[in-house]
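Remarks on the structure that follows.
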Amino acid sequence: MPQRRSHIAPSAVQSELAAALAALREELDAPTEFSPEALTEASLAAPAEPGLDLRDVEFATLDPAGSMDLDQAFHLARAGSGFVVRYAIADVPAFVKPGGAVDAAARERGQTLYAADGRIPLHPAVLSEDHASLLPDVDRPALVWTFDLASDGAVSTFRLERALIRSRAKLDYVTTQQALDRGDDSPASLLQEIGELRIAIEQARGGASLNMPDEEVIQNDDGTYSIERAHALPIEEWNAQLSLMTGMAAAELMVTAQVGVLRTMPAPDEKSFDAFRHQTEALGRPWTTGEYGEYLRSLDREDPLTLPVLEAAASLFRGAGYVSFDGSVPDDIEQAAIAAPYAHATAPLRRLVDRWSLAICLAIAQGEEPPAWARESLHELPELMQTSSQRASRLNAETINRVEAALLTPLVGSTIEATVIELRNGGERAAIQIAAPAVTATAPVPAGTKPGEVISVTLVRTDISTGEMEFALKA
């Protein structure tokens, strides 16, 4: 299916969609406003001066264009035959008072939620988009990880320190990728070399990245909504390797100290692998040799059947969660897709658990006991994060359903061609992919249909308020 951007013309359909999205936010059972106490506390929060001064290091941030909640900044340099990577993380633990109003609001939220008509932030904007954000050309407190890498990208040593930094550049993915493709000098010039070395290490470790195309509902300049689907740029994958490296280092510190919180995911069982193999065969892109991560990396982004394969592969990446521990380490601590113990520790402005990981890791790195507030509330984190993750998943799925219903409303009564992605209900129904507009849905299929086949269905009705779409087999 060709990847394209679909638009809805301003109409009664558009008005109905806007109302449906607003109603969805109200139904979400998520706080949308901060209390006056939280807003006041956030505006007055001011961390103590960190001892280490790294303002002479030319850090840069790399995020989607327009981002203001900047969690990470990097500085990359050669060191002999290897590299030094500095990865600065917003020092949110220094800004949030344990047991205070901002802390309470963040625990209630769990993470920043992204809706089509706006964000529901984890922290008040004065913190997440100003005082704690690693904005350019201003002094900011940060927790700085320093990694010494060998020539093959392997970590030789690492350390974590509290420091004062000053970012020099606010980069975005698209223009920075273009600059690197042209060969322009950039703060990210070494990112490809280091990122590809780290990807090779991930592959050798048996790790796998699903790399599903981004599916984002955006609001256009004219107020209409559309769904934008696009594969991640190479620079996004290279940048993600810095975060993965940091998360593994954080996990190593906490496992060694026997206190902390990890992001875990069980390995797929043989039944799941067998089902996935059958699906790849049905799609004409059989997985016959090598690890599944190697197979996924080999898929051609331009192949129209890559998306159905990746949709099928999603069944291998289920069951992710969090496990906290204090005094002894649980038996199952690996994140199977990464093929190593791993912790969320690089996005504290947008994700609650990262504040605990960072506070605990900093204490361990300094040879101190983890702070009492973090230790005493460790057991609460898995449930808090599970609740917020379920809320985020519901918001994302139901937002996309409503926008897709609006996109298809003008086609009610029409016959539409679609590619079968995955059979359901014993083969009577299937997940289907429509190319134009780019929409996924569920529809009945003829007996004997296989994944990868193109079928014709008639759109019977849509309900924008619920996101429901009803299809029938072409008569």
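Would you mind putting 280-289, 258-267 in packing order, based on average other-beta-carbon counts within 10 Å, highest first?
258-267, 280-289
Angle between the Cα long axis of helix 270-282 and the longest principal axis of the chain, 0 to 90 degrees, nearest 10?
Here the helix axis deviates by roughly 50 degrees.
If you roll a 1.4 angstrom probe over the protein chains with everything in place, what fraction of the accessible area of the chain belongs to carbon and sulfur, to the nearest %?
48 percent
Output needed: percent of Cα pairs per 10 Å distance bin for the stretch 313-456, bins running from 0 to the one holding the longest distance.
Going out from 0 Å in 10 Å bins, the stretch 313-456 shows 9, 27, 23, 18, 15, 7, 1 percent.
Near residue 367, within a Cβ-to-Cβ distance under 13 Å, what is the net charge of the other residues, with Lys and Arg +1 and Asp and Glu -1?
Around residue 367, the charge tally is -2.
Find the accessible area per residue for the chain; the probe is 1.4 Å, ligands and nucleic acids are left out, and the unit is Å².
Counting only protein heavy atoms, the per-residue value for the chain is 43 Å².
Mind checking which lysines have their Cα closer than 30 Å to the Cα of residue 170? Skip sequence neighbours fewer than 8 apart in that chain.
Output for residue 170: 97.
Give the shape of the stretch 341-384 as rounded, prolate or oblate, defined through the alpha-carbon gyration tensor: a ≥ b ≥ c are the square roots of its eigenvalues, a/c under 1.5 means rounded, and otherwise the shape is prolate if a/b is larger than b/c and oblate if not.
Oblate, because a/c is 1.5 or more while a/b does not exceed b/c.
Once both axes come from the Cα atoms, what is the angle between helix 234-257 and the longest principal axis of the chain, in degrees from 0 to 90, rounded to 10?
Helix 234-257 and the main axis of the chain meet at about 50 degrees.
Just want the answer: with Cβ charges of +1 for Lys and Arg and -1 for Asp and Glu, which residue in 87, 76, 48 is farthest toward the dipole's positive end in the stretch 2-134?
Farthest along the dipole direction, towards plus: 76.
For the ranges 112-124, 290-302, what's the packing order if you count other beta-carbon atoms within 10 Å of each residue, average per peptide, and put the highest first?
Peptide ranking by packing, descending: 112-124, 290-302.
Summing +1 for each Lys or Arg and -1 for each Asp or Glu, what net charge is found among the other residues whose Cβ lies under 13 Å from the Cβ of residue 461?
Around residue 461, the charge tally is -3.
Which of the peptides 200-210, 321-331 is most tightly packed, and how do the rest follow, judged by the mean count of other Cβ atoms within 10 Å per residue?
200-210, 321-331
Cα centroids of the stretch 390-454 and the stretch 115-170: how far apart, whole angstrom?
If we compute the Cα centre of each part, the gap is 39 Å.
Helix-only mean residue ellipticity at 222 nm, the chain, DSSP H runs n ≥ 4 weighted -39,500 (n - 2.57), per residue, nearest 500. What is it?
Value at 222 nm, helices only, nearest 500: -10500 deg cm²/dmol.
Grab the other residues whose beta carbon is less than 11 angstrom from that of residue 154, score K and R as +1, D and E as -1, and report the net.
Around residue 154, the charge tally is 0.
Which of the listed residues, 382, 342, 433, is farthest toward the dipole's positive end in the stretch 327-433, when Lys, Arg count +1 and Asp, Glu count -1 at the beta-carbon?
Of 382, 342, 433, it is 433.
How far is helix 12-27 tilted, in degrees, relative to the longest principal axis of the Cα atoms in the chain, given as a value from 0 to 90 rounded to the nearest 10?
50 degrees
The values are calculated or read from the model by the stated rules, or taken from the named source; none is laboratory data. The structure displayed is predicted, hence computed values, not measured ones. All Cβ positions, even for glycine, are placed from backbone atoms using ideal geometry, and neighbour counts span all protein chains on display. Just the protein is used for accessible areas: all its heavy atoms, side chains included, with ligands, DNA and RNA removed. Shrake-Rupley method; radii C 1.70, N 1.55, O 1.52, S 1.80 Å.
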